[in-house]
């Protein structure tokens, strides 16, 4: 059974597509020894040899009579070129997992893309009769205006935009929205730029309870304690740091459930102060 949480009247669950492993030196450009002060609570998010374990997963939100998918992973059968060889030619049961979670693609109302990186837009489309077509044919795909503009002008071989974004634009299913767009009474976008220019997180509030789906403004819980540790994939490290600091200020010691888009199980937790620093519990 997938992980699932209740936030007031909202139900949030996850479908995992694949796993990634990176060293601290490679991904956050910090020596492995820098993790030592945090290992007592960071262990669930590390491999046995101390590298970062990251999950590529989609969040499924049911609230306000709506069915919302947040981020759509890497996708099957795509060729993103040699620089992303680990993402090429996947063959996962992602769609079957959606159906098993009672989130069949044709029942989805909204797809929220926190940003337009390859591992967050892949299942926006699937290959049918040699063409990339929208996976969620009745959904509105919500993309922030700054991110959409940035990536539309970005030129690179095997650009994921071509196979995972342009087809839903061509189908007229994309809503280019402000970074603080409200989706429904309970769901709103939260501006968290830095990882990409228009990166957003997702806030869910219901019956006095709140959860935040981070997207890639944070990749490992250690970044709550060390917000200055930037991912190699952050386009603007200063903005990304500020976004992390603002999240800690908004959620730290406030009973807000923080759901890390790339965090392996237990995936969700609380940012708590121990008097000298922050930890994720």
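Values in this text are rule-based calculations from the coordinates and carry no lab data. Please read all numbers here as calculations on a predicted model, not as lab measurements. Glycine gets a Cβ as well: all are built from the backbone with ideal geometry, and neighbour counts include every protein chain shown.
Using the count of nearby Cβ atoms within 10 Å as a rough guide to exposure, how do 210, 140, 152 rank from fewest to most?
Numbers: 210 20, 140 17, 152 14.
Ordered by Cβ neighbours within 10 Å, fewest first: 152, 140, 210.
Take residue 101, project a point 7 Å from its Cα along the Cβ direction, then tell me which residues of the range 261-281 have their backbone nitrogen under 15 Å from it.
The answer is 261-268, whose backbone nitrogens lie closer than 15 Å to the label point.
As an exercise, use a Förster radius of 30 Å and the Cβ-Cβ distance of residue 84 and residue 129 to find the FRET efficiency, rounded to the nearest 0.05. Let's see the in-between values first.
Numbers: r = 25 Å, r/R0 = 0.85.
For R0 = 30 Å, the calculated efficiency reads 0.75.
Report the full-extension gain for the segment residue 235 to residue 185: residue separation times 0.36 nm, less the Cα-Cα distance, to one decimal in nm. It would help to have the intermediate numbers written out before the result.
Numbers: separation 50, 0.36 × 50 = 18.00 nm, distance 3.16 nm.
Taking residue 235 through residue 185 to full extension adds about 14.8 nm, to one decimal.
How many angstrom separate the Cα center of the range 159-178 from the Cα center of the range 95-143?
If you average the Cα positions of each part, the centres end up 11 Å apart.
Pull out the extension gain between residue 152 and residue 138, defined as 0.36 nm times the separation in residues minus the alpha carbon to alpha carbon distance; nm, one decimal. Intermediate results must be reported in sequence, preceding the final value.
Numbers: separation 14, 0.36 × 14 = 5.04 nm, distance 2.32 nm.
Extra length available between residue 152 and residue 138 comes to 2.7 nm.
Pairing the Cα long axis of helix 237-251 with the longest principal axis of the chain, what angle in degrees results, from 0 to 90 and rounded to the nearest 10?
70 degrees
Treat each spin label as a single point 7 Å out from the Cα along the C-beta direction, and report the residue 281 to residue 47 distance in nm.
Result for the modelled spin labels: 3.0 nm.
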